[in-house]
Amino acid sequence: MNKGVYYAAFTALLWGFLAIALKVSVNELPPVTVTWLRFAIAFTVLLAWYLLFDRPKIKIIAKPPVFALIAGFSLGLNYIGFITGIHHTTPVISQVFIQTGPVMLAVSGFVIFKEKVTIRQGFGLLVVLTGMVVFYHEKIIVIAGGLANYKTGVLWILFGALCWAVYAIFQKKSVAAFNPMALNLVIFGVPMLYLLPFVEFGKILDISFGFWLLVLFLGLNTLGAYGSLAYALKYLEANKISVIITMNPLITFAAMALLSYNNVSWIQAETFTAVTIAGAITVIAGVMMVVFKKK
């Protein structure tokens, strides 16, 4: 199997837990501050690694590729849109609508990158989309019922999804000529700089040690997920990547189901039915049709 599949799957795994952690984080810190900390930690750890083991890679900061600058700017907006949306909704609901980003990436694979698609893969993508609709049917009905706060959150998430698609397109163009991980020095560094004036440092100093561990997890999650995604974009077609990473809501679904079952007090419980479980199985079946070789 193409190693890009493993990179994309690892990204999906990390993103599966990300929405839950972000929902908890905004209880203590403003969304922009959390976003800046994620980029700052990821950039600092990556820079330290290259300083110790591969200094020539740092030269990319002095003369960054234009596509990487656009990707970094777009990724920063994606983070803001997603975390603001989570603040107004729930982890599972946010995962519904952020998947429009991978769908747009899949379309770009056919339109922009001229990737070939078989009938089986096209049908598999349709199965994935059908499974997502079934999976989130009840949640979508709740949103359509007129909960203004949720609607605001959904709009933010859709904005974040659009920005993510722009990031992924320009990142895929960049990895053809540059080292995927070195590009992340630029992609993490750009939003870290332009978000700096909006960071509330006073609130950062007031958080507890336990919350600092959560922030550290968010930063390392960013580094790991986008490092793996960069390599996935180098080795795998955009349409396949988009389908694999749509599995991350299923991980969120399972984690939230477990937390809800145990009645934890630090996050709002989610409700799941046999219909949502059937939708999850449908999504997995569609992913297998798109990713795995015919034989």
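Quick note: the coordinates plus some simple rules give every number you see, no bench work behind them. Predicted model, so just to flag it, every value in this text is computed and none were measured. Backbone-built Cβ (ideal geometry, glycine too); neighbour counts: all protein chains shown.
Descriptive notes on the structure:
- For the chain: rounded, prolate or oblate by the Cα gyration tensor [a/c cutoff 1.5]: oblate
- Order by protection proxy (mean Cβ within 10 Å, highest first), peptides 30-37, 81-88: 81-88, 30-37
- The chain - mean residue ellipticity at 222 nm from DSSP helices (-39,500 (n - 2.57) per run, n ≥ 4, rounded to 500): -26000 deg cm²/dmol
- Its relative contact order, with pairs defined as Cα atoms under 8 Å and 6+ residues apart, puts the stretch 1-135 at 30 percent.
- Note: relative contact order over the chain, using C-alpha pairs below 8 Å and six or more positions apart, is 42 percent.
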